[in-house]
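Visitor: Handing you this structure, nothing more for now.
The values are calculated or read from the model by the stated rules, or taken from the named source; none is laboratory data. Keep in mind that this is a model prediction, so the values were computed, not measured. Cβ placement follows ideal geometry from the backbone for every residue including glycine, while neighbour counts extend to all protein chains displayed. Calculation scope for accessible area: heavy atoms of the full protein, side chains included, ligands and nucleic acids excluded. Shrake-Rupley method; radii C 1.70, N 1.55, O 1.52, S 1.80 Å.
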Number of protein chains: 2
Amino acid sequence: MSLETTVAAIRPADEAAMAAARERQARLTKPAGSLGALEELSVRLSGLAGRCPPPLPEPATVAVFAGDHGVHARNVSPWPQEVTAQMVANFVAGGAVVNAFARQNGAEVLVVDVGVAIQLHGGRNLLDANIRRGTRDMTAEPAMTAAETRQAVETGISVAHALADGGARCLLTGDMGIGNTTPAAALIAAFTGRPADEVTGRGTGIDDETYARKVSVIADALVRHHPDPADPLGVLAAVGGLEHAALAGFLLGAAERRIPVIIDGVIAASAALAAAALAPDAVAAMVAGHLSAEPGAAVALGHLGLTPLLDLGMRLGEGTGALLALPIVAAAVRVLHDVATFDSAGVSEK
Amino acid sequence: MSLETTVAAIRPADEAAMAAARERQARLTKPAGSLGALEELSVRLSGLAGRCPPPLPEPATVAVFAGDHGVHARNVSPWPQEVTAQMVANFVAGGAVVNAFARQNGAEVLVVDVGVAIQLHGGRNLLDANIRRGTRDMTAEPAMTAAETRQAVETGISVAHALADGGARCLLTGDMGIGNTTPAAALIAAFTGRPADEVTGRGTGIDDETYARKVSVIADALVRHHPDPADPLGVLAAVGGLEHAALAGFLLGAAERRIPVIIDGVIAASAALAAAALAPDAVAAMVAGHLSAEPGAAVALGHLGLTPLLDLGMRLGEGTGALLALPIVAAAVRVLHDVATFDSAGVSEK
């Protein structure tokens, strides 16, 4: 799938379908506005689908893009790099939190290796799309070449298309990669212009010394590469990661197919900035699942104009926050399908 | 079921089970603390069940307690009183938002008429437990007699017991009653000592003139009755409603059976203050589903020390906010059941 074809196919939300959803919400047996954020969400999803009601977001699949990071050598994480591959094995075996949440909410899990440093053993739900065994150290050189970056983005597009072709009516972002909050923070700084210390968090939990080093690593990389937000692929190549680039493509592929895609945490939010820079109308397909405790997540979602559905202090990644939001997205759509109107139910109005 | 027997049977959370849950959370394949509010929720539910892991909260039933209010005559709501009965018919027919959300999340809906002004026609999921065809006007006299109040509380206890006996492993509060945010605000003011204008909201959506009248009606009722928070049944009788009293009993019955009960909005939160005043340890069974847009909800939950899981700007009632929180509660418990440990999955620690 070429990136250019996908970007050219992404269209704005359908205003007529959004107007129909607003009009329908006003006739349903509930006080106007009483469903709060779910009403606007139902309007957005109607605009994406181009009809009211839009399809229920079922079945759903969370695609967990996994990769490793050369910048890990700069001691930005206390976890050894092999944990990426070990956690992928855990996902394939069904033992991680993403698996538990997917079972609870009726979603499938697909793991996509785009950049894990270690050769993985196969599994039913593991797609080998490895582009490179980990990125380069962004403090020394660009993390990826232009060709690797494009390949990662187009892999993400292809995964979204394949899931849509397989019947998925909702996509969810997931990620795994020890050290991947460092490129995420760098991407958010590059696309929003905010300084490194405002968008950098403690990831899986780091001490003050590691945190200070992480901020300076990100600041150094930004000074070295001067990434230009008008060149989104260049930004991804300089300071991104393979899973970040693939997630950007995944979001674009969902938008092209007009399927809602629930953004998980700070990794996906950083990828969403790249996707929106490539195709601004892609934001119409994005639903912010939750507010990660990582400070960069709020900055990125604010830049995109997205309000997260949940705020539970989570910072796990894997797609866990997106999965918790899935039933809320489904409920918002189901209201337009199932709920009686004042007329049909014989309920008096005020 | 006697209220005294239930209150005497309510015990504190089991500290050993809570410690076991904290210890288990630390060994699961995720960074410590990365599931945010879900970790503490899993600890609380372990303490309630007295074991780790606690049972999954399935199957679940939302009990929608319905009643009318004499204070409706004081023009505190723009909706005609017959809408209570019309909406109950809508619930029984499956056409309301509570039905849509229950279908989405695999819960049952039981409607309990404790005080609807109009004789209702039966239905498979409608329980006729009518105590009085609407309360009295609290601005002129106590809303209920002591006997009516006790009967309503004990009806709520019986409903919780019957659902538990039928296999429910999670209960959710629901309510329907035109005008019922007025007694809810009065109860919250009485139990927390906050002034009427701090705990009164616009309910289903009222204009400035109606809002000012609603605040003064509540303030007048509080001056008239001087409800004493040390006498919870007296407070309910003076300024409560039949569904509020029944919900207080429902919460106590769940706590007695050590089943989690998800609190919906401001009506249930006001009832929870009464339940906690009767049996402080009952709070261990309560999960705050969402933060209603009604200002009294935050005051009541804060008084109880409960943090809501969701904040979506909703103010519909019916049990809708509790139903949206149900999958999150289930996910929090499922983590303790399903997720591998670092040892079992062969994942390195930091």
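Visitor: From the Cα gyration tensor of segment A:60-330, with a ≥ b ≥ c the square roots of its eigenvalues, which class applies: rounded if a/c is under 1.5, or else prolate if a/b is larger than b/c, or else oblate? The partial results should precede the final answer.
Guide: Values: a/c = 1.35, a/b = 1.24, b/c = 1.09.
Rounded, since a/c falls under 1.5.
Visitor: Taking only Cα atoms of the protein assembly as shown, what ratio of Rg to Rh do you get with Rh as the Kirkwood inverse-distance radius?
Guide: With Rg and the Kirkwood Rh in hand, the quotient comes to 1.01.
Visitor: Just order B:304-317, B:332-345 by mean Cβ neighbour count inside 10 Å, highest at the front, would you?
Guide: On the way: B:304-317: 21.5, B:332-345: 19.9.
Taking the mean over residues of other Cβ atoms within 10 Å, the ranking is B:304-317, B:332-345.
Visitor: Write down the accessible area per residue of chain A in Å², having rolled a 1.4 Å probe over the full set of protein chains.
Guide: For chain A, the per-residue accessible area is 32 Å².
Visitor: Starting at the first residue of segment A:321-326, write each ³J(HN,Hα) from the Karplus equation 6.51 cos²θ - 1.76 cosθ + 1.60 with θ = phi - 60°, in whole Hz, x for Gly and Pro.
Guide: Residue by residue, segment A:321-326 yields x, 5, 5, 5, 7, 4 Hz.
Visitor: Considering every residue in B:103-113, what mean count of other chain Cβ atoms within 10 Å of its Cβ is obtained?
Guide: 2
Visitor: Amide H of B:L310 versus every other amide H placed in the peptide plane: which residues, excluding those fewer than 5 positions away on the same chain, fall under 5 Å?
Guide: The list, which skips near neighbours in sequence, is B:H290, B:L291.
Visitor: Also, I was wondering about something else. Once a ≥ b ≥ c are taken as the square roots of the eigenvalues of the Cα gyration tensor of segment A:29-157, is the result rounded (a/c under 1.5), prolate (a/b larger than b/c) or oblate (a/b not larger than b/c)?
Guide: Since a/c reaches 1.5 and a/b is larger than b/c, the shape of segment A:29-157 is classed as prolate.
Visitor: Can you name the residue in chain B whose Cβ lies closest to the B-to-A rotation axis, and give that gap in whole Å?
Guide: Nearest residue, distance rounded to whole Å: B:P327, 2.
Visitor: Follow-up question, since we're still on this one. Show me, for segment A:86-91, the HN-Hα J-couplings you get by feeding each phi into the Karplus relation (A = 6.51, B = -1.76, C = 1.60, θ = phi - 60°), rounded to Hz, glycine and proline as x.
Guide: Per-residue couplings from phi come out as 5, 6, 4, 4, 5, 4 Hz.
Visitor: Okay, moving on. Would you mind putting B:212-224, A:94-106 in packing order, based on average other-beta-carbon counts within 10 Å, highest first?
Guide: By packing density, highest mean first, the sequence is A:94-106, B:212-224.
Visitor: Please list, ordered by chain and number, the residues whose modelled amide H lies under 5 Å from the amide H of B:M176; skip anything fewer than 5 residues away on the same chain.
Guide: B:F65, B:A66, B:G67
Visitor: Show me the three semi-axes of the equivalent ellipsoid for segment B:202-350, from the C-alpha gyration tensor (sqrt of 5 times each eigenvalue), largest first, rounded to whole Å.
Guide: Calculated on Cα positions only, the semi-axes equal 36, 19, 12 Å.
Visitor: I've got another one for you. Within segment B:244-350, list the GluC sites (Glu not before Pro) lying in a DSSP loop whose Cβ has at most 16 other Cβ atoms in a 10 Å radius.
Guide: Sites meeting the loop and neighbour criteria: B:E349.
Visitor: Shielding of B:78-88 by partners, i.e. mean partner chain Cβ atoms within 10 Å per residue?
Guide: Average per residue, whole number: 3.
Visitor: If you take each beta carbon of peptide A:34-42 and count the beta carbons of other chains within 10 angstrom, what is the mean?
Guide: Values: counts 13, 10, 11, 5, 8, 3, 1, 1, 0.
Averaged over the peptide's residues, the number is 6.
Visitor: Within the protein assembly as shown, what percent of beta bridges assigned by DSSP are antiparallel, to the nearest 5?
Guide: Here the antiparallel bridges make up roughly 5 percent for the protein assembly as shown.
Visitor: Let me know the number of lysine pairs in the protein assembly as shown closer than 19 Å at the Cα, not counting same-chain pairs under 8 apart. Don't jump to the answer; show the numbers that get you there.
Guide: On the way: A:K30/A:K350; A:K214/B:K350; A:K350/B:K214; B:K30/B:K350.
Eligible lysine pairs with Cα atoms under 19 Å apart amount to 4.
Visitor: Obtain the nm distance between the two label points defined at B:A93 and B:E349 by a simple spin-label model: each point lies 7 Å from its Cα along the Cα-to-C-beta direction.
Guide: Taking the simple label geometry, B:A93 and B:E349 are separated by 6.0 nm.
Visitor: Right, next: Using a 1.4 Å probe on the protein heavy atoms, what percent of the accessible area of the protein assembly as shown belongs to carbon and sulfur?
Guide: Details: 11560 of 22540 Å².
Result for the protein assembly as shown: 51 percent of the exposed heavy-atom area is carbon or sulfur.
Visitor: Sticking with this one: Between the label point of A:A230 and that of the same position in each other copy, find the distances and list them shortest first in nm, with every label point placed 7 Å from Cα along the Cα-to-C-beta direction.
Guide: 7.5
Visitor: If I fit a long axis through the Cα atoms of helix A:208-225 and take the longest principal axis of the Cα atoms of chain A, what angle between them do I get, 0 to 90°, rounded to 10?
Guide: Tilt of helix A:208-225: around 90 degrees.
Visitor: State to the nearest 20 debye the size of the charge dipole of the protein assembly as shown about its Cα centre, where the only charges are +1 on K and R beta carbons and -1 on D and E beta carbons.
Guide: Working: 50 positive and 72 negative charges, 116 e Å.
Once rounded to the nearest 20, the dipole reads 560 debye.
Visitor: Assuming a ≥ b ≥ c are the square roots of the Cα gyration tensor eigenvalues, decide whether segment B:179-252 counts as rounded (a/c under 1.5), prolate (otherwise, with a/b larger than b/c) or oblate.
Guide: Verdict is oblate for segment B:179-252.
Visitor: Roughly how tilted is helix B:181-192, in degrees to the nearest 10 and between 0 and 90, from the longest Cα axis of chain B?
Guide: Roughly 70 degrees between the two axes.
Visitor: Run the label-point distances for A:Y211 please: 7 Å along Cα to Cβ, every other copy, nanometres, shortest first.
Guide: 4.0
Visitor: So which trypsin sites (Lys or Arg not before Pro) in segment A:118-175 end up in coil per DSSP with only 15 or fewer other C-beta atoms within 10 Å?
Guide: Counting only loop positions with at most 15 other Cβ atoms within 10 Å, the trypsin sites (Lys or Arg not before Pro) in segment A:118-175 are A:R124, A:R133.
Visitor: Please report the buried accessible area for the interface of B with A, total over both chains, probe 1.4 Å, in Å² to the nearest 100. Show your work: numbers first, answer last.
Guide: Values: alone 13500 and 13490 Å², together 22540 Å².
For B against A, buried area totals roughly 4500 Å².
Visitor: While we're on this one: Between 0 and 90 degrees, rounded to the nearest ten: what's the tilt of helix B:242-257 against the longest Cα principal axis of chain B?
Guide: Compared with the principal axis, the helix lies near 20 degrees.
Visitor: Can you list the copy-to-copy distances for B:E141, using a point 7 angstrom from Cα toward Cβ, in nanometres, shortest first?
Guide: Ordered by distance, the counterparts are at 9.0 nm.
Visitor: Between B:A230 and B:E209, take the C-beta separation as r, use R0 = 35 Å, and let me know the FRET efficiency to the nearest 0.05.
Guide: 0.45
Visitor: Compute, for segment B:60-330, the length of the dipole vector about the Cα centre, with Cβ point charges of +1 (Lys, Arg) and -1 (Asp, Glu) only. Units Debye, rounded to 20.
Guide: Using Cβ point charges on Lys, Arg, Asp and Glu, segment B:60-330 gives about 300 debye.
Visitor: Of the peptides B:181-190, B:225-234, B:274-283, A:200-209, how do they stack up when ordered by the mean number of other Cβ atoms within 10 Å, highest first?
Guide: Ranked from most to least packed, the peptides come out as B:181-190, B:274-283, A:200-209, B:225-234.
Visitor: Positive end of the dipole of chain B, charges at C-beta (+1 Lys, Arg; -1 Asp, Glu), about the Cα centre: which of B:V62, B:L242, B:L38 has its Cα farthest in that direction?
Guide: The residue sitting most towards the positive pole is B:L38.
Visitor: DSSP beta bridges in chain A, what fraction antiparallel, as a percent rounded to 5?
Guide: 5
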